[in-house]
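The values are calculated or read from the model by the stated rules, or taken from the named source; none is laboratory data. Nothing here was measured: the structure is a model prediction, and the numbers come from that model. For neighbour counting, all protein chains shown are included, and Cβ atoms are generated from backbone atoms with ideal geometry for every residue, glycine included.
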Amino acid sequence: MGTENVGNDVVSRENFQPCAEDIQRWMANAFDMAKDALENGEVPVGCLMVYNNEILGKGRNEVNETKNATRHAEMVALDQVLEWCRHRDLDPRTVCERTVLYVTVEPCIMCAGALRLTNIPLVVYGCNNDRFGGCGSVLDIPSADLPHTGSSFKCISGFRGEEAVEMLKTFYKQENPNAPKPKTRKE
Amino acid sequence: MEPQPKRRKESECDFDSWVAYPVLSNEQSQDTELIEAFAAPIINKKETSRLIKELAKVYPLPGLLHIKRVRSCKDKGSPHPLEVIVCLASDAPVIDHSKDMHISDLSSSGRLNCEGLGDPFLVKIPACPPLTRPQFEQASKHWPTSFHEDKQVTVALKGQLFTSSQKAKMQEYMMAAVAAARAGQQSGMEAVGAAVVDPEAERILAVGHDCRKGGHPLHHAIMVCIDLVARGQGGGAYTYDKYPACQSVLPYSSPSQKQGASTMTTCGVVQDGDSAEESGQPYICTGYDLYVTREPCVMCAMALVHSRIGRVFYGTASTDGAFGTKYKIHAQKDLNHRFEVFKGVLGQQCEDLNRPVPYIKMNS
Ligand SMILES: [Zn+2]
Ligand SMILES: [Zn+2]
């Protein structure tokens, strides 16, 4: 670990992309997490952060137990990545610059901001987040002109999107049978 | 924050030195959009009411209910005291511009009896109803427009929304944020501070400063404050024991506490299981105000939306700011929570934080 060529990190960050099989594999993992959450009555969102073929962060929404409305799965997973770096005395920036977020639902505006600030280069996600989506649905944070807010990042969207929507629908139907048309939400 | 009457120069600062201006939505702050229309003088006053009725039928102006169809042109030296909007330029038949235009060109194949109308001319009229007094004044220069004034917005735009005693309180809260920013700066952080306030109880519930240099790139002052409020209510994801200037205080949860002095506790100690449980929702900042020395970034702005903050006050704008500069997250369409944002509170002192202030002792 920590063997990356840091010297040309700008180039490597921009060209950084895992191969198609890796994306398949890690997204399958994220969907398994979401299914698992659904079966346990939790919001069916799967989220993992992968660096060098290793899962550094595996988040789930912790808003209720912390009473902190910002504890979305992505924020929890980012904390685990930072913790991992701290244990190994690695610079979080150099690690984050080679870390991919795989998540079943589009990150919200806040999380998209956090991903910029931590220099995550790539996010692969399933369905859109119509209510809070920060990667195009409400605002497009990854490609916005925000020179003082970390770095822009790339997104691969729509990966098994319908399946992700279905899981959310199932969850909100269970939670409130009288609910109107379910929306993709992550709270 | 514990009262510290004579701490630093700015505690004597006069609260007339700053003005809090509202950060309005784009719809409220943009210039009036104009569209072209044909107007014509009414040369026979007796035809006026017939003309108005017929025009409403032949050339209705849907979506332009704010436009007054007839205007008086008393100060134009015109021999005819009234002018009327005939139709939008886009509704008019294609016109040969090489010839002078005649009112019969707009008769819509005779459906409009042009009797009593003079020859038409182009005018520009406001496309949308004015939302603020400046927009109304601008719109009225082009064509008379009706205006349903929101008096509070008018007063706020003049910087007169808050009374002197409200400003004194606001200044006190922002000074707590400034003090936290300075304390953070002393421990090597960027000089940004924030405070969450319960405006009903007139109490500061949490004070925090930027903690990024402490090893976490997302510990902006606002994120710290939100977590401190959560911790004050028995939740929280972090401890900030390393930073004595980051503190939370118990919210009022019992009448006995309400009478007592504010109990400031360092964050690790506070446990209050009951009060936050009532709603079952983690919207912990509902009804609270946030004071922050500079305009928040997009992450922090959205964190405040998620936390259902009541109002936000900031000192100075920032380059990537999300409450006015790059975005207006508080007025963003599609988001489920909107709130008021004011800027300029203690503006100069907050601006001064951007300059390095070496070796200022903060002890009191
Ligand atoms: Zn989020
Ligand atoms: Zn921020």
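Could you check how many residues of the range B:18-67 are of a type in the set (Phe, Trp, Tyr), farther than 21 Å from B:Asp105 by Cβ and in a loop (DSSP other than H, G, I, E, B)?
Number of matching residues: 1.
Does A:Val50 qualify as being within 13 Å of another protein chain (Cβ to nearest Cβ) and touching a Phe, Trp or Tyr at 6+ places or on another chain (Cβ under 8 Å)? Show your work before the answer.
Numbers: within 13 Å of another protein chain (Cβ to nearest Cβ): no; touching a Phe, Trp or Tyr at 6+ places or on another chain (Cβ under 8 Å): yes.
When the stated conditions are applied, A:Val50 does not pass them.
Is it the case that the range A:17-37 has a residue that's more than 15 Å from the chain's Cα centre (by Cα), away from ligand 1 (no atom under 14 Å from the Cβ), within 14 Å of chain B (Cβ to nearest Cβ) and assigned to a helix (DSSP H, G or I)?
no
Working carefully through the options B:Leu161, B:Leu205, B:Leu218, find the one that is of a type outside the set (Gly, Ala, Ser), within 14 Å of chain A (Cβ to nearest Cβ) and away from ligand 1 (no atom under 16 Å from the Cβ). Break it down into steps so the answer makes sense when it comes.
Values: B:Leu161 fails: within 14 Å of chain A (Cβ to nearest Cβ); B:Leu218 fails: away from ligand 1 (no atom under 16 Å from the Cβ).
Testing whether each residue is of a type outside the set (Gly, Ala, Ser), within 14 Å of chain A (Cβ to nearest Cβ) and away from ligand 1 (no atom under 16 Å from the Cβ) leaves just B:Leu205.
Quick check on this structure: which one of B:Asp75, B:Asp100 is surrounded by fewer than 16 Cβ atoms within 10 Å (Cβ to Cβ), outside any helix (DSSP H, G or I) and at pLDDT below 95?
Criteria check complete, one pass: B:Asp100.
Look through the range A:107-163, keep the residues that are in a helix (DSSP H, G or I) and farther than 15 Å from A:Cys96 by Cβ, and return whichever of them is farthest from the other protein chains (Cβ to nearest Cβ).
By that ranking, first place goes to A:Glu163.
Quick test for you: out of A:Leu101, A:Leu168, pick the one residue that is surrounded by 16 or more Cβ atoms within 10 Å (Cβ to Cβ), outside any loop (DSSP other than H, G, I, E, B), away from ligand 2 (no atom under 16 Å from the Cβ) and modelled with pLDDT under 95.
Criteria check complete, one pass: A:Leu168.
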